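Enquirer: Here it is: the structure, laid out below.
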Amino acid sequence: MQNPSDGRIVQSPLQPESPVRLIVARCSAIYSGRLDTVLPEALRLIMIKADGSVLLHADAGGYKPLNWMTPPTVVEESPGMMVVRKRAGSSEDRLEIAISEVLSDSSHEMGSPDEDAALAKDGVEGHLQELLAEQPHRCGEGLRLVRREWPTDIGPVDLMCRDREEAWVAVEIKRVAGIEAVEQLTRYVERIRLDPAFESCRGVLAAQVIKPQARVLAQARGVDCVEVDLAVLRGEREPELKLFAA
């Protein structure tokens, strides 16, 4: 939608029918919010997804973007500038992308997310979910299961539980958990908290192996980490006793 007063184009936070947009451009970027970062000018890929996600990629670095904003976002465009805003509690995250040259700007209809086949969990991950659904206390003392595959508008949370104080706990289960698992769970919890009845919901990441970088990010995001032993869950051996010094 276009604002006639200043020529800006404003994209609504969630547009399920919108196409995915791919822009290859020479640009620089400034991010301000939970931390401040500056990217110097270079040739980069800007990806704007239908759910409101905005990702800024370099040619190197694998799958991980240099900067990104998860939904819900507001995207404002003016000549040579794209500003992505997102509310973060009482503050606002802001990504300003200054564009000096556009090499390519294309949009692609990818259909409704409901038509997309969900990512199938591998055998180990699926088995972990079944076993932890039967033994939710392995994810945190006093937890009890409310439902498996708790739906959100961006995908289902593996387990939704309640703790001894009846607070809601969203549990995401992985075989090996990296930074992307923390990001995924953070997005789920953000969406769940939009409902006032679940505004105090917290996240727990359960995995056989949790990478050190994921633990650091999880602590910063207020996510608890729990490593689980498949053999113990299956009852094939007893859990190891841990001794604590006084």
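Enquirer: Regarding the range 81-100, can at least one residue be identified that is at pLDDT 95 or above, open to solvent by 70 Å² or more (accessible area, probe 1.4 Å), in contact with a strand residue (DSSP E or B) (Cβ under 6 Å, 6 or more places away or on another chain) and among the charged types (D, E, K, R)?
Expert: Scanning the range 81-100 turns up no residue that is at pLDDT 95 or above, open to solvent by 70 Å² or more (accessible area, probe 1.4 Å), in contact with a strand residue (DSSP E or B) (Cβ under 6 Å, 6 or more places away or on another chain) and among the charged types (D, E, K, R).
Enquirer: Given 45, 55, which one is closer than 25 Å to residue 222 by Cβ and in a strand (DSSP E or B)?
Expert: 55 is the lone residue from the list that is closer than 25 Å to residue 222 by Cβ and in a strand (DSSP E or B).
Enquirer: Moving to a separate point now. Quick one: residue 25 ticks every box in (1) assigned to a strand (DSSP E or B); (2) over 17 Å from residue 98 (Cβ atoms) except a single one, so which number is it?
Expert: Failed condition: (2).
Enquirer: While we're looking at this one, here's another question. Looking at 223, 216, which is the one that is aliphatic (A, V, I, L, M), buried (at least 16 other Cβ atoms within 10 Å of the Cβ) and either modelled with pLDDT of 95 or more or farther than 21 Å from residue 127 by Cβ (or both)?
Expert: Exactly one residue qualifies, and that residue is 223.
Enquirer: Would you say residue 194 is modelled with pLDDT under 95 and closer than 22 Å to residue 51 by Cα?
Expert: For residue 194, the condition - modelled with pLDDT under 95 and closer than 22 Å to residue 51 by Cα - is met.
Enquirer: Could you run through the range 226-246 and say how many residues are within 19 Å of residue 124 (Cα to Cα), among the aliphatic types (A, V, I, L, M) and at pLDDT below 85?
Expert: Residues meeting the conditions: 2.
Enquirer: Same structure again: Read through the list (1) in a loop (DSSP other than H, G, I, E, B); (2) closer than 20 Å to residue 51 by Cβ; (3) not small (Gly, Ala, Ser), then give the number of the only condition that residue 165 fails.
Expert: So the condition that residue 165 fails would be (2).
Enquirer: Within the range 3-42, work out how many residues are over 13 Å from residue 81 (Cβ atoms), modelled with pLDDT of 50 or more, open to solvent by 80 Å² or more (accessible area, probe 1.4 Å) and not charged (D, E, K, R).
Expert: Of the residues in the range 3-42, 3 are over 13 Å from residue 81 (Cβ atoms), modelled with pLDDT of 50 or more, open to solvent by 80 Å² or more (accessible area, probe 1.4 Å) and not charged (D, E, K, R).
Enquirer: Is it the case that residue 224 is among the acidic types (Asp, Glu), farther than 13 Å from residue 150 by Cβ and in contact (Cβ under 8 Å) with a residue 24 or more places away in the chain?
Expert: In short, yes.
Enquirer: I would also like to ask the following. On the given criteria, is residue 182 in contact with a Gly (Cβ under 9 Å, 6 or more places away or on another chain), surrounded by 12 or more Cβ atoms within 10 Å (Cβ to Cβ) and within 25 Å of residue 73 (Cβ to Cβ)?
Expert: Taking the combined requirement at face value, the residue satisfies it.
Enquirer: Further question on the same structure: Just checking, how many residues over the range 185-208 are open to solvent by 40 Å² or more (accessible area, probe 1.4 Å) and either free of Cβ contacts under 8 Å to residues at least 40 places away in the same chain or touching a Pro at 6+ places or on another chain (Cβ under 9 Å) (or both)? Outline the logic, then answer.
Expert: From the range 185-208, those open to solvent by 40 Å² or more (accessible area, probe 1.4 Å) are 187, 190, 193-197, 199-200, 202, 208; that's our starting set.
Adding the requirement that they be either free of Cβ contacts under 8 Å to residues at least 40 places away in the same chain or touching a Pro at 6+ places or on another chain (Cβ under 9 Å) (or both) leaves 187, 190, 193-197, 199-200, 202.
Residues flagged as open to solvent by 40 Å² or more (accessible area, probe 1.4 Å) and either free of Cβ contacts under 8 Å to residues at least 40 places away in the same chain or touching a Pro at 6+ places or on another chain (Cβ under 9 Å) (or both) within the range 185-208 amount to 10.
Enquirer: Of the residues that make up the range 101-116, is at least one modelled with pLDDT of 80 or more, part of a helix (DSSP H, G or I) and of a type in the set (S, T, N, Q)?
Expert: The answer is no, given that none of the residues of the range 101-116 is modelled with pLDDT of 80 or more, part of a helix (DSSP H, G or I) and of a type in the set (S, T, N, Q).
Enquirer: Is there any pair with a first residue in the range 62-87 that is touching a residue at least 60 places away in the same chain (Cβ under 8 Å) and in a loop (DSSP other than H, G, I, E, B) and a second that is polar (S, T, N, Q) and buried (at least 16 other Cβ atoms within 10 Å of the Cβ) whose Cβ atoms are under 9 Å apart and which are 6 or more apart or on different chains, and what are they?
Expert: Matching pairs, first to second residue: 70/53; 70/186; 71/53; 73/11; 73/53.
Enquirer: Do we find a residue being more than 20 Å from the chain's Cα centre (by Cα) and open to solvent by 60 Å² or more (accessible area, probe 1.4 Å) anywhere in the range 146-153?
Expert: Step one: list which residues in the range 146-153 are more than 20 Å from the chain's Cα centre (by Cα), which gives 146-147.
Still in the list and also open to solvent by 60 Å² or more (accessible area, probe 1.4 Å): 146-147.
Within the range 146-153, one or more residues are more than 20 Å from the chain's Cα centre (by Cα) and open to solvent by 60 Å² or more (accessible area, probe 1.4 Å).
The values are calculated or read from the model by the stated rules, or taken from the named source; none is laboratory data. Since the model is a prediction, treat every value here as computed from it, not as a measurement. Methodologically, a virtual Cβ is constructed for each residue, glycine included, from the backbone with ideal geometry; neighbour enumeration extends over all protein chains shown. What goes into the accessible areas is simple: the full protein's heavy atoms, side chains included, and nothing from ligands, DNA or RNA. Shrake-Rupley method; radii C 1.70, N 1.55, O 1.52, S 1.80 Å.
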